[in-house]
Structure formats: C-alpha cells, structure tokens
1. Compute for the range 291-386: radius of gyration divided by Kirkwood radius, i.e. Rg/Rh, restricted to C-alpha atoms, rounded to two decimals.
2. Stretched out fully, how many nm does the piece from ARG249 to VAL431 gain, at 0.36 nm a residue minus the Cα gap?
3. Rounded to two decimals, what is Rg over Rh for the chain when you use alpha-carbon atoms and the Kirkwood radius?
4. Where does helix 233-253 land angle-wise versus the long Cα axis of the chain, in degrees 0 to 90, nearest 10?
5. What is the distance, in nm, between label points placed 7 Å from the Cα along the Cα-to-Cβ direction at ASP375 and at ILE77?
6. Rounded to the nearest percent, how much of the accessible area of the chain (1.4 Å probe, protein heavy atoms only) is carbon and sulfur?
7. Cα to Cα, under 24 Å, and not fewer than 8 places away if on the same chain: which lysines meet these conditions relative to LYS449?
8. Where a ≥ b ≥ c are the square roots of the eigenvalues of the C-alpha gyration tensor, would you call the range 61-155 rounded, which needs a/c under 1.5, or, failing that, prolate if a/b is larger than b/c, or oblate?
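The values are calculated or read from the model by the stated rules, or taken from the named source; none is laboratory data. Being a predicted model, the structure only gives us computed values, none of them experimental. Quick reminder, even Gly has a Cβ in these numbers, built from the backbone with ideal geometry, and neighbours come from all protein chains shown. The protein model used for the area step is the full one, side chains on, heavy atoms only, and it has no ligands, DNA or RNA in it. Shrake-Rupley method; radii C 1.70, N 1.55, O 1.52, S 1.80 Å.
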Amino acid sequence: MKARTCLAIVLAAGEGTRMRSARPKVMHALAGRSMLVHVLAAVGAAGTTAAAVVVGPKQDAVAAEAKRVLPCAEIFIQHERKGTAHAVLAAKAAIARKKPDDVLIVFGDTPLIAPETLQRLRAPLAKGAAIAVLAFRPADPTGYGRVLVRDGAVVAIREEADASASERAIALCNGGIMALAGKHALSILEKIGNANRKHEFYLTDAVAIARGMKLAAVAVEGEEDDVRGINTKAQLAEAERLMQERLRRKALDAGVTLIAPETVFLSADTKFGKDVTVEPYVVFGEKVKVDDGAVIRSFSHLAGAHVGKAAIVGPFARLRPGATLHEDVHIGNFVEVKEAVIEAGAKANHLSYIGDATVGAGSNIGAGTITCNYDGAAKHRTEIGADVFIGSNSALVAPVKIGAGAYVGSGSVITGNVPAKALALGRSRQVIKEGWATRLKALKSLGRKKARAAE
Ligand code: UD1
Ligand code: MG
C-alpha cells in the first residue's frame with residue numbers, strides 16, 4: 001500500500017506575552033534547540049511529507065528558524081490573531097495545492113510531542129475517520145477544551161469559556177493537536193464561524209461540523225506530557241526537566257554510563273558511541289559527538305565538539321565549536337579548545353587555550369600554553385606538527401607553525417615559525433646577582449638607623 005501523504009501545519013503565531021521576553025515564544029529553547037525545532041523534528045519523524053508554518057506578522061526570526069531546519073517548509077503569515085481555525089486557514093493555499101491525504105495540525109508551543117503520538121493520531125484517518133483529536137486526562141482540566149463523547153463517538157469539543165457546568169466536569173480534554181482527512185479538511189475548516197464568547201474561529205468546532213456532514217470524528221488518548229503547552233518560563237523549565245529525563249534515559253538505554261544522570265545536561269542531538277562514561281555535572285550543548293570508550297570528566301562543558309575514541313576530557317574542560325579530538329587525546333583541567341584539531345594521542349592537560357589550531361599526533365602542550373589567535377582584527381592559525389613539546393607558559397603568536405618534533409622552551413613567546421626538530425626559546429636570559437639579598441638587607445638596616453637618628 002502506498003504511504004499516505006501528510007501536510008503538517010504548525011501554528012506558531014503566538015506572541016507569548018507571558019514569557020516576558022522580546023523573543024517570540026516558539027524561539028525559546030530546551031535541550032539546546034528551540035521549541036519550534038522540536039516540533040518540526042517530531043512532525044518530520046511522524047512521516048509528514050510537507051510542512052507549513054504559520055507565523056505572526058513581525059516574526060521573521062520564526063520563519064528563518066523554520067527554513068533553517070526544514071528548507072522545504074512553507075511560511076504563512078496570520079496577520080491578525082483570530083483563533084486557531086483562522087490560523088490554520090492562513091495555510092489554506094498549502095492544503096489546496098498539495099492535496100495531502102492527511103492534514104496534521106500541531107501547536108508550535110508543545111515541544112514534548114512525540115512522533116509516535118502523531119503517528120497514532122493519523123492512524124484512524126487511514127481507516128476512514130475525517131477527524132482525529134488528541135485527547136488526554138490532565139490532573140487539572142482548567143483552561144482546556146472538553147471532549148464531548150456520546151455513544152462512543154466524539155460529537156464536539158467545548159472550549160472552557162463556552163462550557164456549561166456539567167461540561168466542565170468532563171475529564172477528557174483536548175490536547176489541541178488534530179488530524180484531518182485532506183479531502184474534507186477545507187470544506188470543514190471553511191464552515192467554522194466565530195459565534196462564541198471570545199469571537200474567535202475555533203479549530204475545535206471542526207468536530208461538530210464534521211458530525212453535521214455525517215463524517216466520523218474520533219479521539220486518540222495521549223499523555224499529558226505529550227501535549228504540555230508552554231506559556232511561561234516556569235513551564236519552559238518544567239518541560240526542560242522532562243526532556244532531560246527522556247534524553248538521559250535514552251543515553252542510558254543505549255549503554256552510556258552516566259554516574260549521576262540527574263546532573264548531566266544533554267542536547268536533543270548529543271551522540272554517544274559505545275562504552276562512553278560521563279561523570280557527574282557535565283553539560284552538552286548542541287552538536288556534540290562522543291566516540292567509543294571516551295570519558296568525560298566532571299564539570300566539563302562541550303558544544304559543537306567531536307570527542308574521539310578513548311579520549312579523556314576534563315575535569316573542568318571546555319570544548320567549543322570546532323573542537324575535534326582524535327583517538328586517545330587528553331584534554332585536562334581548565335583547558336579550552338575551539339576550532340582546533342587535536343590529533344591522536346596529543347595531550348593538553350592543564351590550563352591552556354587552544355584556538356584556531358592543529359596539534360599533531362603525540363604532541364604535548366605544557367600547562368599554561370596559549371595560542372594567541374586574535375590580533376584585535378582577525379583570527380590566525382597555529383599549526384603544531386606531530387610529537388612537538390611546548391614548554392609550560394608559552395604564548396604561540398599566530399599565524400605560526402611549529403615543525404614536527406620541535407621543542408619550545410617554557411615561558412617562550414613564539415612569534416616566528418619553528419623548524420622541525422629545532423629548539424625555540426623566546427624569553428629573556430636568566431641573570432644571577434650573587435649576594436644581592438644580603439646587600440639589600442644591609443642597606444635596609446642602614447636606612448632604619450638614619451631615620452632613628454633624625455627623630
Ligand atoms: C487550544 C484549544 C483547546 C485545547 C488547548 C490545548 C482551540 C480553540 N482550543 O486552546 O481546546 O484544550 O489548545 O492546549 O483550538 N494560535 C495562532 N493564531 C491564533 C490563535 C492561536 O497561531 O489566532 C496558536 C498559538 O500560538 C498556539 C496555538 O495556536 O500555539 C493554540 O492557541 P492557544 O491560544 O494556546 O489555544 P488554547 O486557548 O490553549
Ligand atoms: Mg494554549
């Protein structure tokens with residue numbers, strides 16, 4: 001059987017005033033990516049074949065974010081906020097043009113939605129239902145639309161503002177996400193009016209309208225966490241907690257050793273090989289890959305980095321974007337690596353900054369070494385060959401090349417290239433003044449005697 005085509009319409013026109021932020025609501029991030037990206041990833045994984053994102057009039061940033069992660073997404077602007085059905089109809093052209101088998105409507109502020117739940121919601125459409133609503137039973141139903149069921153069929157959804165006391169007592173609530181059969185979608189949506197308390201065009205009215213057209217509507221039950229909508233920073237933090245729990249569980253199930261999982265913060269895209277150990281209190285920003293057998297020690301912060309096989313990072317290490325560590329590399333405490341390739345077996349164990357550099361295999365970077373990559377205007381590269389020894393507290397002023405097997409004496413400021421196998425010393429020669437301290441003492445006591453005599 002041919003797979004059904006599916007157009008996902010993501011409603012993201014909300015301003016999110018309750019977030020108390022200049023940033024549009026769906027641009028707030030959890031687990032390293034915006035809510036919008038989480039939602040787009042979920043609809044993508046649920047087998048959608050096209051996507052439309054409905055944004056507000058001044059939300060270019062939201063449109064750009066959608067295009068960045070899903071270039072095929074079409075952007076539609078809802079010029080006035082007149083309700084969820086009105087928002088869906090902003091993307092009317094996409095429904096008319098694509099003629100999808102399924103139309104899946106998802107809110108941009110429900111980042112915890114799981115692809116499996118969306119797939120479950122689509123399933124009844126394949127069996128002839130015109131509408132499937134995602135229902136759930138929240139601990140506190142206040143504020144949600146109630147799902148009215150009669151003789152096993154969903155007959156309507158009543159928004160709380162319009163519900164009677166007995167309807168408000170219904171525990172089954174509307175999660176907001178809805179799937180519609182493509183062939184009926186527009187005829188249903190266009191019949192929705194705004195004769196209600198808020199004078200909004202409610203998407204939820206689609207159910208009663210479908211019933212009136214003798215079409216079937218069904219409810220699919222999901223978990224409260226799946227449809228959790230984010231309106232405030234407190235809800236964002238709560239969603240982050242749930243997301244982190246999911247990600248930690250996934251990492252543990254994949255065989256990663258997390259000694260204290262509750263202290264490790266992951267990104268949705270963190271990738272681990274086999275037998276990786278992560279010690280307590282480690283933060284993984286976006287785009288980190290850790291290969292087999294690597295150990296990430298406590299209090300390290302990684303983002304945009306690739307940690308090679310059996311490498312050891314930390315404690316207290318910082319890997320910034322472009323840090324690429326090959327096999328058996330050691331990056332120790334208070335070492336920062338940015339945009340640098342550290343080849344197999346090389347070590348930088350203490351107090352260093354390695355930026356815009358390559359460090360050859362087997363090289364040793366002494367404590368306190370700094371690659372001076374920035375001259376105030378531009379960045380420059382430091383290229384260190386294989387088996388180089390950089391003495392402690394050296395400054396390598398880029399652009400500079402240190403040939404394979406060379407040595408740099410401690411405390412050097414290296415401003416010119418160093419040939420292979422050479423020794424470079426870039427510091428002033430040591431001076432010894434014999435008996436100097438004794439003479440100083442004598443001068444001091446003479447000074448004191450003179451002062452007393454003058455009193
Ligand atoms: C909606 C449902 C309600 C359900 C609840 C679940 C309707 C009418 N009601 O109510 O039954 O229980 O979600 O959380 O659908 N949006 C736009 N443009 C608009 C209006 C809304 O883009 O004109 C977007 C919002 O940004 C948001 C989503 O649609 O992402 C839902 O809107 P919201 O105002 O939160 O609806 P609720 O009142 O929560
Ligand atoms: Mg809401």
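1. On the way: Rg = 12.0 Å, Rh = 12.7 Å.
Rg/Rh: 0.94.
2. Values: separation 182, 0.36 × 182 = 65.52 nm, distance 6.12 nm.
My answer for the length gained is 59.4 nm.
3. Reported Rg/Rh, Kirkwood definition of Rh: 1.20.
4. 80 degrees
5. Distance between label points: 4.5 nm.
6. Ligands and nucleic acids excluded, carbon and sulfur give 54 percent.
7. The qualifying lysines are LYS441.
8. On the way: a/c = 1.71, a/b = 1.43, b/c = 1.19.
It is prolate, given that a/c is not under 1.5 and a/b is the larger ratio.
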